[in-house]
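> Got a structure for you, questions after.
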Amino acid sequence: MRAPLKRWAGDLLHRGMDGVIRIGAIGPDSARGRRFGKFGAGSVICFPYVSLFGERWMWIGSGTRFGPYLSLSVGMVPDQVMVNDPVIRIGDRCVIGKGAGIVGHHSIDIGDDVWTGHNVYITDQNHDYHDLDLPIGAQFAPERPVRIGAGSWLGHGVVVLPGATIGSHVAVGAGSVVTGELPDNCVAAGVPARVLRQWDPVAGWTSPSGQNGAEATVP
C-alpha cells in the first residue's frame, strides 16, 4: 500500500505545484501586471519570482516571456520616484531566461526579439571604490544607460554593466562581461567581452584580423 500511496501523493503534489505556477504567473490582465507602465499582450512573468518592484517605470512589449526566479526592479526601494520614464524598456517577443536579474536606475533599453540564457544580469548602476574611508558597498558610481539591440542573444551567465551598448544581431558567449560597445552583427565573448567575428557584406563572417571566420556559433 505504501508505494501506491506515495505515487498518489506525489502526483497530487505535482499537480498542486503546477497549479500554483499557473495561478502565480503575471500577465497583462493580472492585478500585478496592471502596475506596469506598459505590459504587452501575451507577455508573462513566470512564478515564482525573486524580486519585483518599480513596475510603474517599466515598459514590457508583447509576447515577451520571463523565466522563473526573476529579479526585476527600478530604483533602490519600492515607490521611489524616477527621473526617466520608462527606466526599463523591454521589446516584443523577448525571452529572458531563468534566474535573470535586470536592475535599472537610469535607462535600460532591450530591443525586440532579444533572448537570454539563464542567470543573466543587466544593470545601469555600479559601485565606486575611490573613497578609502567608505565601504565600496556604500559608494555609488553615476548611472550610465545600457542598450541591447534587436535580435541579439546573451548566453548563460552574461553580465552587462553600466554604459554597455550591444548592437543588433549580436551573440554574446556564456560567462562574458560586457562593459563597452559591441557593434551590430558580431559574435563576442570574454571578460571583458571582445569581438571574435563580425559580418562583412563582402567577406562574410570575419575575425578582427580580417581572416575568414567559418564558425560563428556561441554557447
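> Work out the FRET efficiency for residue 35 and residue 98 from their Cβ-Cβ distance, taking R0 = 22 Å, and round it to the nearest 0.05.
Values: r = 22 Å, r/R0 = 1.02.
That pair, residue 35 with residue 98, gives E of 0.45.
> Quick one: if you stick a label point 7 Å off each Cα along the C-beta vector at residue 200 and residue 14, how many nm between them?
Here the modelled spin labels are 5.4 nm apart.
> Label points 7 Å out from Cα along the Cβ direction at residue 130 and residue 62: separation in nm?
4.7 nm
> 5 Å is the cut-off here: which amide hydrogens, built 1.01 Å from N in the peptide plane, fall below it relative to residue 160, excluding neighbours closer than 5 in sequence?
Close amide H contacts, sequence-distant or interchain: 121, 122, 123, 178.
> Something else about it: Taking a probe of 1.4 Å, how large is the accessible area per residue of the chain, in Å²? Mind dumping the intermediate values first?
Values: 11910 Å² over 219 residues.
About 54 Å² of surface per residue is accessible.
> Ok, one more. Report the calculated FRET efficiency for residue 71 and residue 207 (r = Cβ-Cβ distance, R0 = 30 Å), to the nearest 0.05.
Numbers: r = 36 Å, r/R0 = 1.20.
FRET efficiency, residue 71 to residue 207: 0.25.
> Relative to the longest principal axis of the C-alpha atoms of the chain, give the angle of the C-alpha long axis of helix 2-24, reported between 0 and 90° and rounded to the nearest 10°.
Long axis of 2-24 versus the principal axis of the chain: about 60 degrees.
> At 25 °C and a viscosity of 0.890 mPa s, what translational diffusion coefficient does Stokes-Einstein give for region 31-124, taking Rh as the Kirkwood radius over Cα pairs? Give it in µm²/s as a whole number.
192 µm²/s
> Let me ask another. Summing Lys, Arg as +1 and Asp, Glu as -1, what charge do residues with Cβ under 15 Å from the Cβ of residue 126 carry, residue 126 excluded? Please report the intermediate quantities before stating the final value.
Details: positive: 144; negative: 124, 128, 131, 143.
Around residue 126, the charge tally is -3.
> Direction-averaged shadow area of the convex hull around the Cα atoms of the chain, nm²?
Working: hull surface 68.3 nm².
Computing the convex hull of the Cα atoms and averaging its projections yields 17.1 nm².
> Return the long-range amide H neighbours of residue 72 (sequence gap of 5 or more, or a different chain), with a cut-off of under 5 Å between placed amide H atoms.
Distant-sequence amide H within range of residue 72: 51, 52, 53, 102.
> Here's another thing I want to ask about it. Round to a whole number: what % of the accessible area of the chain belongs to carbon and sulfur, probe 1.4 Å? Mind showing how you got there, number by number?
Values: 6900 of 11910 Å².
Answer for the chain is 58 percent, counting heavy atoms of protein chains only.
> With N residues in region 96-207, what two-decimal value do you get for its Cα radius of gyration over 2.2 N^0.38 Å? Intermediate results must be reported in sequence, preceding the final value.
Working: Rg = 14.9 Å, N = 112, 2.2 N^0.38 = 13.2 Å.
For region 96-207, the normalised Cα radius of gyration is 1.13.
> Mind checking region 111-179 for chymotrypsin sites (Phe, Trp or Tyr not before Pro) that DSSP puts in a loop (not H, G, I, E or B) and that have at most 15 other Cβ atoms within 10 Å? Each step should come with its number before you reach the end.
Values: sites: 115, 121, 129, 140, 153; in loops: 129.
Answer in residue order: 129.
> OK, next. If amide H atoms are built 1.01 Å from N in the plane of the peptide, which residues on other chains or at least 5 residues away come under 5 Å of the amide H of residue 196?
Counting only residues 5 or more places away or on other chains, the set is 187, 188, 189.
The values are calculated or read from the model by the stated rules, or taken from the named source; none is laboratory data. Nothing here was measured: the structure is a model prediction, and the numbers come from that model. Positions of Cβ are generated from backbone atoms using ideal geometry, with glycine treated the same way; all protein chains shown enter the neighbour counts. Surface accessibility is based on the protein's heavy atoms, side chains included, excluding ligands, DNA and RNA. Shrake-Rupley method; radii C 1.70, N 1.55, O 1.52, S 1.80 Å.
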